[in-house]
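Okay, structure first, notes after.
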Amino acid sequence: MTIRVLLADDQTIVRTGMAMILAAEDDIEVVAQAADGVAAIQQADLHRPDVVLMDIRMPRLNGIEALRHLYRPGAAHTPKVVMVTTFDDDEYVHQALHHGACGFLLKDAGPRLLAEAVRSAASGEALISPSITIRLLRQFARPAAATVRPSPLSERETEVAALVSRGHTNAEVAAALHISTGTVKTHLTHIQGKLGARNRVEVAAWAWESGLTR
């Protein structure tokens, strides 16, 4: 199945570069482009892409606000959104993930990670640039001041969440626990329901905050 992608970035040269990279992939098609957040929302409503690669800083409406609009309650179509930016400010990362982004990449991540992020988002997984992941791990690994609440997860669900928090794909989790990828997906569905998490990034954040990654 071809993954339909919308590119949202205020720099024409960046959109052109990403379009060229993705055009080389047999299973990815760029169906529309937008130069600002308002246009991104309009193009998403018009073309109903599977994945949106969204810049953070854009005129008229920034990427975070556009993300919030796309994920608003009752939206007719909700694409997976991967934030792509030159800015590696942790505050942007937290805002993007809090509002449901399915990935976060720096623009210098390279062609392989760009295509991988699109595929991961389309399949319900998430990819964050390694440099960002390391910083997030360090931050969430700090001892929490608040009292730790009992985990609502089963032992196996806890194992899955811990592996997800370390950046493992569903296939890698399945291999590590000697179960099928379908079973991993079922566990993730149950985990998200128990935690109130919208995607595996929020599952990973919960695991980091709970100390499972350590």
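The values are calculated or read from the model by the stated rules, or taken from the named source; none is laboratory data. Every value quoted in this text rests on a predicted model; they were computed, and no experiment measured them. Because the Cβ atoms are built from the backbone with ideal geometry, glycine has one as well, and the counts that use them run over all protein chains shown. Surface accessibility is based on the protein's heavy atoms, side chains included, excluding ligands, DNA and RNA. Shrake-Rupley method; radii C 1.70, N 1.55, O 1.52, S 1.80 Å.
Compare the Cα positions of G211, L127, V84 along the charge dipole of the chain (+1 at Cβ of Lys, Arg; -1 at Cβ of Asp, Glu; about the Cα centre) and return the one farthest towards the positive end.
Most positive-ward Cα: G211.
So how strong a dipole does segment 1-65 carry about its Cα centre when Lys and Arg Cβ are +1 and Asp and Glu Cβ are -1, to the nearest 20 debye? Please report the intermediate quantities before stating the final value.
On the way: 5 positive and 11 negative charges, 39 e Å.
I would put it at about 180 debye.
Suppose every K and R has +1 on its Cβ and every D and E has -1 on its Cβ; what is the size of the dipole of segment 54-98 about the Cα centre, in Debye to the nearest 20?
Numbers: 5 positive and 6 negative charges, 72 e Å.
Its charge dipole is roughly 340 debye.
Can you tell which of I13, I41, I191 shows the greatest fluctuation in a Gaussian network model of the chain with Cα springs below 10 Å?
I13
Pick from L97, L127, L195: which is most flexible by mean-square fluctuation in a GNM of the chain where alpha carbon atoms under 10 Å apart are linked?
Comparing L97, L127, L195 in the GNM, the peak value goes to L195.
Which percent of the accessible heavy-atom area of the chain goes to carbon and sulfur, probe 1.4 angstrom? Write out the running numbers ahead of the final one.
Values: 5560 of 10650 Å².
Looking at the chain in its full context, I get 52 percent from C and S.
What FRET efficiency comes out for E65 versus R119 if R0 is 22 angstrom and r is the Cβ-Cβ distance? Round to the nearest 0.05.
Working: r = 26 Å, r/R0 = 1.20.
E between E65 and R119, to the nearest 0.05, is 0.25.
Can you tell which of L195, F104, G37 lies farthest toward the positive end of the dipole of the chain, using +1 and -1 charges on the Cβ of basic and acidic side chains (Lys, Arg; Asp, Glu)?
It is L195, whose Cα lies furthest towards the positive end.
If packing is taken as the mean number of other Cβ atoms within 10 Å per residue, what is the order of 104-110, 154-160, highest first? Walk me through the intermediate numbers first.
Details: 104-110: 18.0, 154-160: 16.4.
The densest-packed peptide leads the list: 104-110, 154-160.
Keeping every protein chain present and rolling a 1.4 Å probe, give me the accessible area per residue for the chain in Å².
Computed with neighbouring chains in place, this is 50 Å² per residue.
Simple spin-label model, 7 Å along Cα-to-Cβ: A24 to H190 in nm?
Going from the A24 label point to the H190 one covers 4.2 nm.
Would you mind calculating the relative contact order of the chain from Cα pairs under 8 angstrom and at least 6 residues apart, reporting the percent as a whole number? If you can, show how the numbers build up before the last one.
Working: 342 pairs, mean separation 32.6, N = 214.
Reported relative contact order: 15 percent.
Calculate, for T183 and M1, the FRET efficiency according to 1/(1 + (r/R0)^6) with r their C-beta to C-beta distance and R0 30 Å; round to the nearest 0.05. Before the final figure, lay out the partial values.
Values: r = 23 Å, r/R0 = 0.75.
Given R0 = 30 Å and the Cβ-Cβ separation, E is 0.85.
What dipole magnitude, in Debye to the nearest 20, does the chain give about its Cα centre under +1 on Lys/Arg Cβ and -1 on Asp/Glu Cβ? Write out the running numbers ahead of the final one.
Values: 22 positive and 24 negative charges, 110 e Å.
In debye, rounded to 20, the chain gives about 520.
Can you tell which of I21, H178, A115 lies farthest toward the positive end of the dipole of the chain, using +1 and -1 charges on the Cβ of basic and acidic side chains (Lys, Arg; Asp, Glu)?
About the Cα centre, the residue reaching furthest to the positive side is H178.
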